[in-house]
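Each value in this text was obtained by applying a stated rule to the coordinates, not by laboratory testing. These numbers were taken from a predicted model, which means no experiment stands behind them. When we count neighbours, we look across all protein chains shown, and the Cβ atoms used for this are built from the backbone with ideal geometry, even at glycine.
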């Protein structure tokens, strides 16, 4: 297979919680640690780099100026500086990895920007309820309720995009989503595939169910055949998932960017 595939990182909060840090239920989520324990975030970045990641996402998904002011007591300047902290932590992890590793990797730092629902801290980013009263999520519809392929057409109206992503949904849905969109859209941009573990989130009780037996890497080659060129994981995925993706994809032949 000649396609070029870039490996993203996986769930940040998953690893922070595994290290014993309290994340769930915090209105700032992992972004609070930018203030209280930045080294813990840097450690997770390093874990993903060791597993094969070529793109690090900053710990800013649930971050906002207003959120930092409200929940940390920061002023505007202090809140703004925390975004710089997030970027610098990822850059430092990348630089240190390349200094210590025989492999000199071209590592990209991507700014993580959550939807408006993430700022509200009511799980409405999972349901789209901050925009409409009824939400539908399936293999053909977004949480907002629109047909996925129609959303793709809107996104492809600009030529500034590197890729269009499918994120934080069950990996079981990905292939049908991409297949449907590929039939109705002519894409000049790449697909990003960034599913969660397949477990379900309930705002009242947290994550429910157990991880599916099938691994992300079990789907990887099919996703690449459907046009995915950027692969990683969202909530509840780990460095082990990224390492498994790396082993499958690199063994099959695609070269990294």
Zone residues, the range 47-65, relative to residue 81, backbone N less than 18 Å from point 7 Å out along Cα-to-Cβ: 64-65
Using a Förster distance of 22 Å, the FRET efficiency for residue 70-residue 37 (Cβ separation, nearest 0.05): 0.65
Estimated FRET transfer efficiency (residue 240, residue 150; beta-carbon r; R0 30 Å; 0.05): 0.25
Fully extended contour minus Cα-Cα distance, from residue 122 to residue 218, at 0.36 nm per residue: 31.3 nm
Gyration tensor verdict on the range 149-190 (Cα atoms; rounded if a/c is under 1.5, prolate if a/b is larger than b/c, oblate otherwise): prolate
Virtual spin-label span in nm between residue 225 and residue 102, 7 Å along Cα→Cβ: 3.5 nm
Estimated distance in nm for a label pair at residue 95 and residue 22, the labels positioned 7 Å out from Cα along Cα-to-Cβ: 3.4 nm
Potential lengthening between residue 247 and residue 199 on full extension [0.36 nm per residue; Cα-Cα distance subtracted]: 14.9 nm
Highest to lowest packing among 231-237, 155-161, 78-84, scored as the average C-beta count within 10 Å: 231-237, 78-84, 155-161
